[in-house]
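Right, one structure below, let's go through it.
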Amino acid sequence: MTPEPQTILITGSAGFVGSHLVERFLAEGHTVIGVDNYISGQRQNTELFRSHPCFQFLQADVSEGIPYTGAKLDWVLHFASPASPPHYQEFPVETLMVGAQGTQHGLDLALQHGAKFFLASTSEVYGDPHVHPQPESYWGHVNPNGLRSCYDEAKRYAEAITMAYHRDKGVDTRIIRIFNTYGPRMRADDGRVITNFVHQALRGEALTIYGDGLQTRSFQYVDDLVEGIVRLMGVTYHEPVNLGNPTEFTMLDLADVVREIINPELAVVYGAAPSDDPQQRKPDISRAQDLLGWTPQVPLAEGLKVTTAAFEADQYKEAQASEAPLVSVVIPTRNRPELLLQRAVRTALNQTLSNIEVIVVIDGPDPATVQALSEVSDPRLRVLALEKNIGAAEARNIGIRAGNAEWIALLDDDDEWAPEKLERQLAAAKASAHAQPIVVGRFLMSKPHGVHEEPPRFPHVGEAIGDYLMARDAWLSRDRTLMSTILFARRDLFLRVPLDPTLRGHQDWDWLLRAFTEPDVGFECVPEVLATYYFHEARPHLSRSAKWSESLRWAQGHYRAGRLSQRAFVGFLVSHVSQFASEEGGREPLLATSKALLSGRPRPFEVARYVATWLFPQQVRRRLHVLAESGWAQVRPQRHQEGSHRERGHREIGQTDAGQV
C-alpha cells in the first residue's frame with residue numbers, strides 16, 4: 001500500500017479477521033467503510049471502532065448488494081463469509097451466495113470506482129490434499145457435494161470470477177489463501193480446534209480430539225496474517241498467494257501446548273472424526289516469502305498465551321454482563337411522590353423482565369419524595385437526589401449516564417407501563433436489523449374527556465421521522481405522536497445524542513429528529529399497547545407567549561438544518577405553533593406565524609386550518625377536536641375520582657392491583 005491515506009471498504013468487517021484489518025487501517029490513518037450483516041460477525045467488533053472519525057459502518061448482506069454511495073474508493077476487500085464449519089454448515093446457501101454474488105458485487109463496486117479488489121480465499125480450496133505441503137499451483141482434492149463443499153466451492157468460484165474480472169474487465173485484483181488463523185476476537189462458538197481447546201481448558205474440562213489426533217494443521221497468529229495482507233496490497237500480483245504458518249502440529253501436539261499454558265493436568269478425550277476432515281494441512285509459503293519478504297513471526301505458544309488472555313477477558317465480561325441489568329429505566333421526578341409510586345415506580349418494578357434497574361432522578365430538593373422512595377425495599381431501585389432543580393431533560397441525561405445496562409427505557413413519573421413492556425421491546429431490539437434500533441409501541445392517551453389509543457399508525461419504511469410526526473394530508477388527519485414514556489434505545493445512542501436541556505418543550509421530538517441523523521438508526525414497532533400516558537390540562541404549562549415563540553424558533557432551526565421537510569414544518573406550524581400564538585392574540589404573533597407559514601408553501605387545507613385557528617375561539621376548537629377524537633376511538637367518560645381513573649388505566653393495559661410497591 002502507498003503511505004498516503006486510502007479509502008478502503010471491507011466486507012465482513014465485524015468478523016474475526018475483518019475487525020483486525022479495520023484496526024490496522026485506522027491506525028495507519030486510512031478511511032474505512034465496514035460492511036457486515038452479522039450472520040457470523042459480532043456487533044461488539046463494530047462497536048470497537050464506532051466512534052472513530054474515519055470509520056463508517058453499513059449493515060448489509062453483500063449477497064444482495066453493497067449500498068455504498070460515498071467518496072471514491074481505493075480498495076474493496078472481500079472478507080465476508082462464514083468461515084468455520086459450524087457456521088457455514090448452518091448457513092450453506094448463504095455461504096455459497098456470499099462467495100458467488102457477494103464476490104461479484106464487490107468486483108462491480110471496485111470496477112465502478114476504479115478501485116483495487118482483494119479476495120480472501122482459503123486453504124479449503126485444496127480440500128483433503130494429496131500434495132503436501134500445498135503450493136498455489138496445486139488444484140486441490142475437494143468433495144464437491146460434501147458437508148464442507150458449500151464453503152470450499154464458494155471460495156473456488158470466488159477465485160474464478162475474480163480472475164475473470166481481472167482478465168476480461170481489467171480489475172486490479174489480489175487473492176490470498178488463508179490457512180488456519182487464530183487470535184483475539186474469535187467467536188467462542190466457531191467450532192475451530194483452538195477455540196474449542198482453549199475454552200474447554202478454561203472451564204477445566206477435558207480436551208476433545210476428533211479422530212485419532214494425528215491429523216495436522218498449521219496455525220498462524222492473526223497479526224502475521226494482517227501483515228501479509230498489507231504487504232500484498234503493496235505489490236502488483238494477481239495470482240493466489242498462500243498466507244499461513246508452515247510449522248505443522250498434530251492435534252495431539254496442539255492439545256499439549258494448550259495444557260501447558262492453561263492446565264497440564266487436563267485429560268484428553270476422543271470423538272468421531274467429522275466428514276471430509278483433511279488429514280494434512282500445511283502451506284508452501286515460498287511465493288509469499290519471495291514476493292513479499294513475509295514469514296510468520298509469532299510462535300504458537302506465544303500467540304496462544306495472548307489468545308487465552310483475550311478469551312479469559314471475554315469470559316469475565318460475559319459473567320459481568322450476566323449479572324448486570326439488561327435495561328436501565330430512567331424516571332425524572334419532582335414533588336409528586338404519590339403518583340411516582342402508584343404509577344411509574346410500581347409498574348417499572350413489576351415488569352416481567354426482572355433483570356433491570358430503576359433509576360429515579362429527583363430534580364432538586366424534595367424531602368417527601370426521598371422519604372417515599374426510602375420505604376421501597378427493592379434493591380433494583382436507585383435514587384439520585386439532585387441538589388438543585390435542573391429540568392427534566394438534564395435529569396434524564398444524568399440518569400442515563402448513571403445507568404449500567406446496554407438499553408435505556410424512559411418513563412415519566414405519572415405514567416405507567418404494561419407488565420410485558422420491557423420484555424417486548426427488548427425482544428424487538430435484539431431481533432432488529434438496525435445496529436441502533438429505537439423501539440416504540442402503542443400507548444393509551446388518557447385525557448380529561450376520555451381515553452384513546454396512540455399512535456394511529458407507525459412510521460412507514462423510508463418515511464422521515466419529521467414527516468411522520470408532523471406532516472398531515474388532510475384537515476382532520478389524526479395527530480401522530482411518540483412520547484418519552486414509550487422510547488427504548490441503546491444507552492450509547494442516548495450518550496451520543498443527549499436530550500437538550502435548553503428546551504422547555506418538544507424534548508422528545510427534538511431527540512428523535514437528532515437521533516435519526518446518526519448512522520444505523522431505525523424504528524422497531526411493537527403493535528401491542530405497552531403504556532398509559534396521562535395528559536391533564538390542569539398541569540402547569542409554560543406561558544403561552546413563550547411557548548409559541550420558542551416552538552417557532554425550534555421548528556425553524558430544524559427546518560434550516562434539513563431535519564424537517566417543508567411538509568413537516570408547515571404541519572407543525574398549523575397544528576401546534578398557531579394554536580398557542582392565537583391564544584395570545586395580537587399583531588406580532590399573527591404576523592410572525594403567517595410569515596413562517598408562507599415560507600413553507602402551505603397547501604389549501606393547511607391555509608384554511610390556519611385561518612380557522614385565528615377565527616374560532618379556543619373553546620370551539622377544543623370541542624371540535626374532542627368530537628374528532630370521538631370518531632377515532634370510543635371515548636370513555638372521565639370519572640370524578642383520580643383513584644377510579646387510575647384503576648381503569650390499569651385494566652386497559654392488562655395490569656392488576658397485585659404487587660403494588
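Our analysis of the stretch 7-320 gives Rg over Rh at 0.95, with the two radii drawn from alpha carbon positions and Rh computed by the Kirkwood formula.
Subtracting the Cα-Cα distance of residue 433 and residue 384 from 0.36 nm times their residue separation leaves 14.2 nm of extension gain. Size check on the stretch 156-255: the Cα extents along the three principal axes, sorted descending, read 54, 25, 25 Å. How much of the DSSP bridge set in the chain is antiparallel, in percent, rounded to the nearest 5? Beta bridges within the chain, antiparallel portion: roughly 20 percent. In the chain, helical runs assigned H by DSSP with n ≥ 4 each contribute -39500 (n - 2.57); averaged across all residues and rounded to the nearest 500, the mean residue ellipticity at 222 nm is -12000 deg cm²/dmol. For the listed peptides 405-413, 266-274, a ranking on the average number of other beta carbons within 10 Å per residue, highest first, reads 405-413, 266-274. Against the main long axis of the alpha-carbon atoms of the chain, helix 587-599 sits at an angle near 30°.
Across all C-alpha atoms in the chain, the radius of gyration and Dmax reach 30.5, 93 Å.
Peptides 323-332, 238-247 ranked from most to least packed, by the mean per-residue count of other Cβ atoms within 10 Å: 323-332, 238-247.
Would you work out if the stretch 296-392 is rounded, prolate or oblate? Take a ≥ b ≥ c from the square roots of the eigenvalues of the alpha-carbon gyration tensor; rounded if a/c is under 1.5, else prolate when a/b is larger than b/c, oblate otherwise. Prolate is the answer for the stretch 296-392, as a/c is 1.5 or above and a/b outweighs b/c.
Percent of Cα pairs in the stretch 378-449 per distance bin of 10 Å, from zero to the largest separation: 13, 41, 35, 11, 0.
Per the Debye formula on identical point scatterers at the alpha carbon atoms of the stretch 1-94, with no solvent, log10 I(q)/I(0) at q = 0.25 Å⁻¹ is -1.33.
Where the alpha-carbon atoms of the stretch 324-540 are placed on the principal axes, they occupy 49, 40, 34 Å, in descending order.
Dividing the Cα radius of gyration of the stretch 1-157 by its Kirkwood radius returns 0.99 for Rg/Rh. Pair-distance distribution of the stretch 231-342: all C-alpha pairs, bin width 10 Å, starting at 0; shares per bin in whole percent are 9, 21, 23, 18, 10, 7, 8, 3. In a fully extended conformation the segment linking residue 588 and residue 48 would gain 189.2 nm over its present Cα-Cα distance, using 0.36 nm per residue. Scoring 450-458, 310-318, 33-41 by mean Cβ neighbours within 10 Å over their residues and listing the highest first yields 33-41, 450-458, 310-318.
All of the numbers you see were taken from the coordinates with simple rules; none came from a lab. The shown structure was predicted, so the numbers you read here are calculated from the model rather than taken from an experiment. In this analysis, Cβ positions are derived from the backbone assuming ideal geometry, glycine residues included, and neighbour counts consider all displayed protein chains.
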